[in-house]
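Engineer: Sharing a structure, written as structure tokens. Questions coming.
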Amino acid sequence: MTEAKSGVVRVKGVTLRSLKGFLEWMYLGRAGEECKEADGRELWLLAEMYGVGELQRWLLEGIDDGNVCAAYEFGLIPEGDRSELLKLCRTVAVRGLGGVGENNL
């Protein structure tokens, strides 16, 4: 592997802010300021890539009526297992968006 020789791991497809947030989670075992400022979708991708389920559970706790639509749209991307994310989004939408029925999502 190139990483073993160079000591450098290249992570593509995420911003530096999100990577810093992810590394903060890995080192602290919890969310700090960097993690809280990162893009949740990118953190989810990193958590999928590296098998960090606790980070995904923390992200699920932050879904509310202000971000549920974006989270649901992200959950529909056919990559990884996002069934838990989609299920929570449906629950939040039904409760917080004026009684939108699950069949309308």
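Every residue, every condition in (1) charged (D, E, K, R); (2) farther than 19 Å from Pro78 by Cα; (3) not in a loop (DSSP other than H, G, I, E, B), yes or no:
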position: Val11; (1), (2), (3): no, yes, no
position: Phe22; (1), (2), (3): no, yes, yes
position: Glu34; (1), (2), (3): yes, yes, yes
position: Trp44; (1), (2), (3): no, no, yes
position: Leu55; (1), (2), (3): no, yes, yes
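Engineer: Which ones in segment 38-54 are open to solvent by 20 Å² or more (accessible area, probe 1.4 Å), closer than 16 Å to Val14 by Cα and small (Gly, Ala, Ser)?
Structural biologist: Gly40
Engineer: Cβ-Cβ below 9 Å, separation at least six or inter-chain, first residue in segment 49-78 and at negative phi, second of a type in the set (Ser, Thr, Tyr) and surrounded by fewer than 12 Cβ atoms within 10 Å (Cβ to Cβ): which pairs?
Structural biologist: What qualifies is Gly75/Ser83.
Engineer: How many residues are open to solvent by 60 Å² or more (accessible area, probe 1.4 Å) and in a helix (DSSP H, G or I) when one looks only at segment 78-90?
Structural biologist: Residues of segment 78-90 that are open to solvent by 60 Å² or more (accessible area, probe 1.4 Å), as a first pass: 78-81, 83-84, 87, 90.
Right, trim to in a helix (DSSP H, G or I) and you get 83-84, 87, 90.
Counting residues in segment 78-90 that are open to solvent by 60 Å² or more (accessible area, probe 1.4 Å) and in a helix (DSSP H, G or I) gives 4.
Engineer: Here's a check for you: in segment 1-37, which residue that is more than 15 Å from the chain's Cα centre (by Cα) and hydroxyl-bearing (Ser, Thr, Tyr) is least open to solvent (accessible area, probe 1.4 Å)?
Structural biologist: For segment 1-37, the residue satisfying everything is Ser6.
The values are calculated or read from the model by the stated rules, or taken from the named source; none is laboratory data. If you're wondering where the values come from, they're calculated on a predicted model, not measured in any experiment. Glycine also receives a Cβ, built like all others from the backbone with ideal geometry; neighbour counts cover every protein chain displayed. These area figures cover heavy atoms from the full protein model, side chains too; ligands, DNA and RNA do not enter into them. Shrake-Rupley method; radii C 1.70, N 1.55, O 1.52, S 1.80 Å.
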